[in-house]
Amino acid sequence: AEVVIVRDAAAGGALVADEIVRLVRADPEVVLGLATGSTPLPVYEALRPRLAGVDVSRVRGFALDEYVGLDPSHPESYRSVIAREVVEPLGLDPARIRVPDGTLAGIEHAGEDYEAAIRDSGGVALQILGIGTDGHIGFNEPGSSFASLTRVKTLTEQTREDNARFFDSIDDVPRHCITQGLGTILRAHHLVLLAFGEGKAEAVAGAVEGPLTASLPGSAIQLHPHATVIVDEAAASRLA
Ligand code: F6R
């Protein structure tokens, strides 16, 4: 992967936003791969002024993952987060932006349906990725197959602790999720993994330089011909 060290998260967000604007101008129906969590927020913030005056009415998007069993109307469901942080501020068409269905009613076919929808779209042009402190991308926790497709996974205790900040207590953090697989993610044309802060340094080093291993799912990016890793000095601190 190409590693780009930036001054701070805002600078990283601006870099990615510039590339996304270029893609939208070149193809108004471009398919974007969206991520949730804290890391991509500077990308979405930087996109807002940059997309003013750009026709985004036909932009399409697929989120990486969703909690299972959380009511879709819960403010921390990824459906809600994508609506609040991406679709509404950027003026996207909600009908063109998909999030996996994590409701128990829909879960049986949700993986297959999501894969079919991504395939039918022609594929994701640029996939935004964060990385978990345990090395996950999407919610592909350690042990995930590099060939995996969208499916239900169990969140590690580490991830539940990391995400407890979004909930009243750790007991409220769902135990399961539905996530694009590593195989799904690897089909995107361009992967852009962002990571900021010392807490991500080890995961970043493993993803970029470590052995290819299911124990560090982020290492799958080494299999991709066009992967860009955008980090601040702290997140880059364990790179050789
Ligand atoms: C979110 C996702 C996760 C996060 C990762 C890092 O859609 O797929 O892989 O990117 O858990 O989360 P933050 O950015 O909150 O540190």
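Listing for the model above:
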{"read-out": "Model label zone, A95; criterion: amide N under 12 Å from point 7 Å along Cα-to-beta-carbon; scope segment 58-75", "value": "58"}
{"read-out": "Residue with peak Gaussian network fluctuation, the chain [Cα springs, cutoff 10 Å], from E202, E108, E76", "value": "E108"}
{"read-out": "Cα gyration tensor, segment 1-93 - rounded (a/c under 1.5), prolate or oblate", "value": "oblate"}
{"read-out": "Segment 36-101: relative contact order in percent, alpha carbon pairs under 8 Å with at least 6 residues between", "value": "42 percent"}
{"read-out": "Sorted by Cβ density within 10 Å, fewest first, the residues H226, H136", "value": "H226, H136"}
{"read-out": "Unit charges on C-beta of K, R, D, E only; dipole of segment 1-136, Debye", "value": "540 debye"}
{"read-out": "Cβ-derived FRET efficiency at R0 35 Å, L223 paired with H109, nearest 0.05", "value": "0.80"}
{"read-out": "Whether the chain is rounded, prolate or oblate, judged on the alpha carbon gyration tensor where a/c under 1.5 counts as rounded", "value": "rounded"}
{"read-out": "Centre separation in Å (Cα based) which lies between segment 1-37 and segment 169-221", "value": "17 Å"}
{"read-out": "Whole-Hz couplings from phi, Karplus 6.51/-1.76/1.60, listed for segment 150-156; x for Gly and Pro", "value": "4, 6, 7, 10, 9, 6, 6"}
{"read-out": "Cα centre as origin, Lys/Arg/Asp/Glu Cβ charges: the chain dipole, Debye", "value": "580 debye"}
{"read-out": "Segment 113-220 shape via C-alpha gyration tensor axes, a/c threshold 1.5", "value": "oblate"}
{"read-out": "Leading residue at positive end of dipole, the chain (Cβ point charges), from V229, G123, L34", "value": "G123"}
{"read-out": "Karplus 3J(HN,Hα) series, Hz, for segment 32-44 with 6.51 cos²θ - 1.76 cosθ + 1.60 (x for Gly, Pro)", "value": "9, x, 9, 10, 10, x, 7, 4, x, 4, x, 5, 5"}
{"read-out": "In sequence order, calculated HN-Hα J values of segment 116-122 (Karplus, 6.51, -1.76, 1.60; Hz; x Gly/Pro)", "value": "5, 5, 5, 4, 5, 6, x"}
{"read-out": "Relative contact order, percent, the chain [alpha-carbon distance under 8 Å, six or more residues apart]", "value": "24 percent"}
{"read-out": "Among V31, V204, V59, residue whose mean-square fluctuation peaks in a GNM of the chain (springs only between Cα atoms under 10 Å)", "value": "V59"}
{"read-out": "For the chain, built as a Gaussian network whose Cα springs stay under 10 Å, the top-fluctuating residue of Q158, Q222, Q180", "value": "Q158"}
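Computed from the coordinates by the stated procedures, all read-outs in this text should not be read as laboratory data. A quick note: this is a predicted structure, and the numbers were derived from the prediction, not measured. A quick note on method: Cβ atoms are made from the backbone with ideal geometry, for glycine too, and the neighbour counts reach across all protein chains shown.
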